[in-house]
Structure formats: structure tokens, C-alpha cells
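The values are calculated or read from the model by the stated rules, or taken from the named source; none is laboratory data. Just so you know, these numbers come straight off a predicted model, no measurement behind them. Quick reminder, even Gly has a Cβ in these numbers, built from the backbone with ideal geometry, and neighbours come from all protein chains shown. SASA here: full protein model, heavy atoms, side chains in, ligands and nucleic acids out. Shrake-Rupley method; radii C 1.70, N 1.55, O 1.52, S 1.80 Å.
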Amino acid sequence: MSNRKVKDVHLPIGECITQVQHILRERFCCQQLPGRPEGLEAQYRHLLELLRRSAVQGESNSVLIVGPRGAGKTMLLQCVLRDLLQEKEAQKNLLQVHLNGLLQTDDRIALKEITRQLNLENVVGDKVFGSFAENLAFLLEALKKGDRSSSRPVLFVLDEFDLFAHHKNQTLLYNLFDVSQSAQTPVAVVGVTCRLDVLELLEKRVKSRFSHRQIHLLNSFGFPQYLQTVRTQLSLPDDFTDRGFAQDWNSSVQTLCEDKSVEEALQRHFNSSKDFRSLHMLLMLCLSRVSVSKPSIKAADLLDASRLCFCDAKVNMLHGLSILELCLIIAMKHLNDVYQGEPFNLQMVHNEFKKFLQRKSNSMYNFEQPVVMKAFEHLQQLELIRPVDGSSSKTQKEFQLMRLMLDHSQIMEALQKYPQCPTDIKQWAMSAFG
């Protein structure tokens, strides 16, 4: 009897919607690691075995995980580390250092971060080292056990590995690979990168010390699997409090995924990016439209969210420009067409604008030179135009060479949507592109 009561719980619609929002937002934002990475079994076994040998047997290794963004490189590494640390021996021995090429922009910052993550700030103190190699050797020496017989294995994870290759002399990479090759300290170096040509960035001395092990991940799944993922991500679990609401919600998700227009929108997303983070962003926008008055996701919601994801930020910026600024943009595009993309300056743009004014009988768009210059500077602040590389800062503002950062289609799209855009300006734009 009590079981039947639990099954037949009917919550107020507002409470059900709150629970749905909570469950799905948590699913989209705090992505939980899967039990086993799907479709990556071979790579998982290879990496787990490699790191187990380092953690348990004290063997030094180096490996690169290569694949496009969103392929699951970090997820694969996190799954391997989670499963590895469940083994007592590995949990007791292994030390981890996580570095990111976007944060540790030079070797000095990287060394400070290594010291902090290994909890060796007190050991280093005010010591002064002659070189990076000496400093790193001292840190690894400090990790040795009391009898100095053996050292604890250290795992270095280098995210955005290709950015470390841009450091001066590649000192960090050289020393890490050098230590991983020698038998003095067990060190495992795992690089994570999305660049396939990453080995070409390495200096000869660094490359010769790298083991050349690479694990490649590719987004090999097709659209049917992508569609199934959308269905799974939006569905409610079986243990949802109100069973009736959960069934209605799941059937509405099924109907949504079978809709032709929705399928076409998802196909566009799939073709532009297979990254699940961009998919979660799309689904989050759909979820934000769910309310008490509209307790399910409709096809129109997903199509609107898709348009939001694909909308061009620069085109939206053009909608907020004044008529004068829009005229200057059209004049620049006209110059680009005539001179085949050569740089221009304010004086050239103003002369082109004057030609347009001369064709008109009234002088509605007559502006003084300082006003035109102010509008030109505003376009530069918005980064719709930028100075040509190497152009001298000593040059007068009106003669400084610029390039337009918009293309033909973006300007035309903005003109179509510009609120109350004068017809003569539209015609001028069309003639400019003709």
C-alpha cells in the first residue's frame, strides 16, 4: 500500500518545474564522469596501464593525448585517474601536478605552481637557484623518502600542451622529459592538446627526450547518436517524484526529437560542432523557456535557441550604430571592393562618403569633419576596424591605415535588420556591392 502511494505522488506543477530545472541544470553544468568512456575503451586501457606502471612500479613515462575540442580528452584522463586512485598502492604513492598553458604563461610561473601543488614552499624558502633544471631537481629530491632510496612518483598533466612549446627555449618541457627519461625520479608527463602538429613545435633536443607515445581521440559518432544524446540529456530519471509528470515530460521530449524542423536545427549544430558543451548551451537556452504556463519544451523554443546560438555578434553590434557610422562602414566596404582589400584611411573613407552625398539633392547627411572622425574612432573602439600591423602611431589619425573586420554578408544582413534604415542608404550599399 505504501509503495503504491509513493508511485502515485502528484506534486503541484510549479514544484515539478522547479525540480526539472534543478535536475537538468545540474546535468548540463556539472557534467558527471561516466563509468567508462563510451567508444574510447582501447585508449582508456592504454592510458590506465601506462599511469599504473608509473604509480605502482615507479616507471617513468610520457604521452600526448591529441584530439579536437570536445572529443573527451580531459574526460578520458579524469576517468583514468579516478579509477587508478581507487587502488591503494597508487593512492598512497602518486603525487599530481596540473598545469595549464593558458595560466602558466612562462616557466617561472609554472615552477611556482609546481612548488605550490607539491606543498614544498617551506622547503624552497628563500633559496636561489642558478637554473630551472637545478630548481626542478631540488624539488624532486625533496620528495624522496626518508631513507633516500626511492622517490614518490609524480604525475605532471600539461593542459594546452602546445602553449608550453612557445615558452623560451622550451625549458620546462626539456627538463620534464629529461627527468622522465632518466631513472633518478619516477615522473609521468601527460600532455593534452588539440593540435595534431604539436610534435613539429618541439625543439630537436626536446623531441629526442619524448617517448613519442600519442593517444588520438576523434569525434567518430554520427548524427543518430547525437540525436539520442539530446533525448537522453533532456529526459527525466525513473525515480522522479511525480511519475505522471515525468512520463508526460519524456513523451514530449520524444515528440520534440522526432520533429523535422528540430532535427534540421540539430543537424546544423552537429555539422558546426560535435562538442557537447555547445549542445548543453543550446539545451540550457531551451530549458530557460520552461515555466508553469509552458511546462514542456516546444519545437519553437529549440529553433529560437538555435538562432540565438548561431547569431553573429558583429551583426548585432551593427544594429546599434548611428546612421553616420553605418554610412562609413558602407564607404569602407566600397573601398575594399574597388581596391581589392587594400587598407584605407579616414580621409579616403570621408571622400567616398562625400561622393554619395554629391549624388543627393538634400544635405540630410552632411556632417563636420570632427564628427566623422569621432564616429570613425568609435568604430575602432568596437573593433569593427583595426590599424594595419606595423602602421606608425606617429601618423596623423586621419591618415592611419585601417582594415575592415566585416565581410559583405555581415553588412548586408545588418542592413536588412537595421531599424528604419533609409532606402537611399540601402540602395547605395547594394550599388557598392554590385
Original post:
Out of all the residues in segment 90-104, which are hydrophobic (A, V, I, L, M, F, W, C) and either open to solvent by 10 Å² or more (accessible area, probe 1.4 Å) or over 19 Å from Glu49 (Cβ atoms) (or both)?
Top reply: Leu94, Leu95, Val97, Leu99, Leu102, Leu103
Subject >> Given (1) open to solvent by 70 Å² or more (accessible area, probe 1.4 Å); (2) of a type in the set (Val, Ile, Thr); (3) in contact (Cβ under 8 Å) with a residue 60 or more places away in the chain; (4) not assigned by the TED database to the domain that holds Arg268, number of the condition Ile329 does not satisfy >> reply: (1)
Subject >> All positions within segment 31-48 that are under 27 Å from Leu279 (Cβ atoms) and open to solvent by 80 Å² or more (accessible area, probe 1.4 Å) >> reply: Gln31, Gln32, Arg36, Glu38, Glu41
Original post:
What pairs come up if the first residue lies in segment 101-117 and is more than 10 Å from Asn135 (Cβ to Cβ) and assigned to a loop (DSSP other than H, G, I, E, B), the second is at pLDDT 85 or above and among the small types (Gly, Ala, Ser), and their beta carbons are under 6 Å apart, counting only those six or more places apart or on different chains?
Top reply: Gln104/Ala110
Subject >> Residue that is modelled with the lowest pLDDT, among those in segment 392-434 that are in a loop (DSSP other than H, G, I, E, B) and charged (D, E, K, R) >> reply: Lys394
Subject >> Extreme residue, most open to solvent (accessible area, probe 1.4 Å), among residues of segment 332-361 that are of a type in the set (Phe, Trp, Tyr) and farther than 15 Å from Glu398 by Cβ >> reply: Tyr339
**OP:** With the condition kept exactly as written, say whether any residue in segment 65-86 is in contact (Cβ under 8 Å) with a residue 24 or more places away in the chain, farther than 23 Å from Leu199 by Cα, open to solvent by 70 Å² or more (accessible area, probe 1.4 Å) and not aliphatic (A, V, I, L, M).
**Re:** yes
Original post:
How many residues are exposed (fewer than 15 other Cβ atoms within 10 Å of the Cβ), of a type outside the set (Val, Ile, Thr) and not in a helix (DSSP H, G or I) when one looks only at segment 239-275?
Top reply: 1
**OP:** Could you tell me which residue of segment 287-324 is farthest from Leu415 (Cα to Cα), considering only residues that are open to solvent by 20 Å² or more (accessible area, probe 1.4 Å) and acidic (Asp, Glu)?
**Re:** Asp304
Original post:
Quick one: in segment 49-96, which of the residues that are in a loop (DSSP other than H, G, I, E, B) and out of contact with any Asp or Glu (no Cβ under 9 Å at 6 or more places or on another chain) is farthest from Ser273 (Cα to Cα)?
Top reply: Gly58
Subject >> Extreme residue, nearest to His350 (Cα to Cα), among residues of segment 304-336 that are under 22 Å from the mean Cα position of the chain (by Cα) and of a type in the set (D, E, K, R) >> reply: Lys314
Original post:
List, please: which pairs have Cβ atoms under 8 Å, are six or more places apart or on different chains, and start with a residue in segment 214-240 that is touching a residue at least 40 places away in the same chain (Cβ under 8 Å) and end with one that is open to solvent by less than 40 Å² (accessible area, probe 1.4 Å) and of a type in the set (Lys, Arg)?
Top reply: Leu217/Lys73
Original post:
Given the residues His46, His22, which is the only one that is out of contact with any Asp or Glu (no Cβ under 7 Å at 6 or more places or on another chain), at pLDDT 85 or above and outside the structural domain of Phe156 (by the TED database)?
Top reply: His22
